[in-house]
Amino acid sequence: MSTYNENARPRITVTRLQDMKRKGEKIACLTAYDYTMAQIVDAAGVDFILVGDSAANVMMGYDTTLPITLDDMITYAKGVTRGAQHALVVVDMPFGYYQGCPDIALASAVRIMKETGASAVKMEGGSEIRESIEKILSAGIPVCGHLGLTPQSVNKFGGYGVRAKEDAEAECLLSDARMLEQLGCFAIVLEKIPAALAAKVAQAVSIPVIGIGAGADVDGQILVVQDMLGMNRGFSPKFMRRYADMADLMETALGRYVSDVKAVDFPNESERY
Ligand code: KIV
């Protein structure tokens, strides 16, 4: 018997995202790093799930995204692709696996595609990684660019402040965005840049521009799921809207469990065999 369900929501593809831009439909994106969260994020109707290298921070507790490895990213991504039935799953290329050497970049991207079942990769940077992007695209692997605050370059920037406030950096960012479009990237993430500049980039390119801390006049938004659910108490930048206080909710529930165990109130008669 066929398992095909014609009422199922179709899988989002990179071309569908481009149609959404053309039609002016906003694109909702979130990160996820595991099967359970990916199922919930997908069921909520998110179009694009990023297995971000922010996993280094929110899943592994590192201060920066630099230490996460390709193997780590592949492990997280495998769970996400199993959980996401509808959303496009995009995996971040981690620091050290694509900069400087197109052959290494291609080998890293091929591992991600073969081992995880994801549909695309994301890479931080513009003209400095042009050859690596070209090499990956030439293998038929869709690439999402990432400009503005690129956390893998935190040591060059000296922190996580707003980027491209000055004209020279803004011009450079606009020209990198045009270059990414010309190379054939399917979308660009713009992180923590002035809203007016982000709007200008979204107007200037025909591919979707997804913002995080880049204002409303772009084609879609992305947030780190733990941050927007309020699971990460220490992090509340201006651009982030908290949709729940999950840390409080979870701590209360967990505390009730601890009390019940200590009071021998769990398990009760109906919870036993
Ligand atoms: O790693 C990540 O989560 C990201 C988003 C912040 C865009 O790159």
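What are the pairs with Cβ atoms under 7 angstrom where one residue, in segment 61-88, is touching a residue at least 40 places away in the same chain (Cβ under 8 Å) and part of a helix (DSSP H, G or I) and the other, located anywhere, is of a type in the set (Phe, Trp, Tyr) and surrounded by 19 or more Cβ atoms within 10 Å (Cβ to Cβ)? Sequence gap at least six, or different chains. Between residues of segment 61-88 that are touching a residue at least 40 places away in the same chain (Cβ under 8 Å) and part of a helix (DSSP H, G or I) and residues that are of a type in the set (Phe, Trp, Tyr) and surrounded by 19 or more Cβ atoms within 10 Å (Cβ to Cβ), the close pairs are Leu70/Tyr97; Tyr76/Tyr33; Val80/Tyr33.
Exactly one residue among Val189, Val225, Val209 is within 16 Å of the ligand (Cβ to nearest atom), at pLDDT 95 or above, touching a His at 6+ places or on another chain (Cβ under 7 Å) and of a type in the set (Val, Ile, Thr), and that residue is Val189. Of the residues making up segment 110-131, those that are closer than 22 Å to Thr31 by Cα, within 16 Å of the ligand (Cβ to nearest atom) and in a helix (DSSP H, G or I) are Ile112, Thr116. Scanning segment 33-65 for residues that are under 11 Å from the mean Cα position of the chain (by Cα), surrounded by 24 or more Cβ atoms within 10 Å (Cβ to Cβ) and either within 10 Å of the ligand (Cβ to nearest atom) or not assigned by TED's automatic domain parsing to the domain that holds Arg11 (or both) returns Tyr33, Leu50, Val51, Gly52, Asp53, Ala55. Do the conditions hold for Ala105, that is, is it out of contact with any Asp or Glu (no Cβ under 6 Å at 6 or more places or on another chain) and either hydroxyl-bearing (Ser, Thr, Tyr) or within 16 Å of the ligand (Cβ to nearest atom) (or both)? So Ala105 does not fit the description; no. For residues that are among the β-branched types (Val, Ile, Thr) and surrounded by fewer than 19 Cβ atoms within 10 Å (Cβ to Cβ), scanning just segment 148-191, find the one that is nearest to Asp217 (Cα to Cα). For segment 148-191, the residue satisfying everything is Val162.
The values are calculated or read from the model by the stated rules, or taken from the named source; none is laboratory data. All figures in this text were calculated on a predicted structure; none of them were measured in a lab. When we count neighbours, we look across all protein chains shown, and the Cβ atoms used for this are built from the backbone with ideal geometry, even at glycine.
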